[in-house]
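See structure below.
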Amino acid sequence: MAGLPSAGSGSPPPRRSTGLRVLFVLLAGLLATGLCAGGGIAGYLGWWEPRQDTAERRAIFADWGRPHSFTSDGLVEGDDASSQVYRFTCPQGRCPVDLGERVHDWLVTAGAQDAKIDDVTRCVAHGFQYGGPTCTWTWRANGCRATVTTTGLDKVPSGWDRPLVLNVRIRECD
């Protein structure tokens, strides 16, 4: 009669390998570490760094202020650049004689050391003319690239208000 085997006889149950469990635990740990590190890097590059650059560009605009007697259309901020438009309107086409000097003084204060008074005055005077030259100054400011461009707007008949626009853009911060 066949009965139950006696204790201690027979082969032991098959032993499961712990190597496979260790491998799964290590892979899970590496995956979690990778996700945390990758999330941290992505957060820094995608959120923190652009916020810091935007704050730095905003501070530059605040330090510069706006050119004397110009109005501002407001700051437009993006992840890679910030822009500001300054306007000056000469009522009935009569502009102050020192308008070029005002723009020059602001440019030099902002850091455009290569802006020559004669060039700025010429650009301001001709910037009001339809199809007149567009002048651009570019320099580095606090590790960012700053660009100022003068433009007149549409053709304005003699005796009408004449606008001068300074387009200011800060981008490519280190």
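Key figures for this structure:
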quantity	calculated
Solvent exposure, largest accessible area first (probe 1.4 Å, DNA, RNA and ligands not counted), of His68, His104	His68, His104
Additional length obtainable on full extension of the chain from Asp118 to Val76, 0.36 nm per residue less Cα span	12.1 nm
Accessible surface of Glu101 - all protein chains present, 1.4 Å probe, nearest 10 Å²	100
Largest-first ordering by accessible area, 1.4 Å probe, given options Ile60, Ile117	Ile117, Ile60
Residue-wise HN-Hα coupling along region 115-123, computed from phi with Karplus coefficients 6.51, -1.76, 1.60 (Hz; x: Gly, Pro)	6, 8, 4, 5, 5, 5, 4, 4, 4
Accessible area in the full protein assembly, largest first, 1.4 Å probe, for Thr121, Thr134	Thr134, Thr121
Net charge of neighbours whose Cβ lies under 12 Å from the Cβ of Arg94, counting Lys and Arg as +1 and Asp and Glu as -1	0
Charge sum, other residues only, whose C-beta stays under 12 Å from Thr121's C-beta, Lys/Arg counted +1 and Asp/Glu -1	-2
Zone residues, region 80-116, relative to Ala59, backbone N less than 12 Å from point 7 Å out along Cα-to-Cβ	none
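The values are calculated or read from the model by the stated rules, or taken from the named source; none is laboratory data. Computed from a predicted model, the values in this text were never measured in an experiment. Here Cβ is always computed from backbone atoms with ideal geometry, including for glycine, and neighbour counts include all displayed protein chains. For the accessible areas, the whole protein counts, side chains as well, though only heavy atoms, and no ligand, DNA or RNA atoms are used. Shrake-Rupley method; radii C 1.70, N 1.55, O 1.52, S 1.80 Å.
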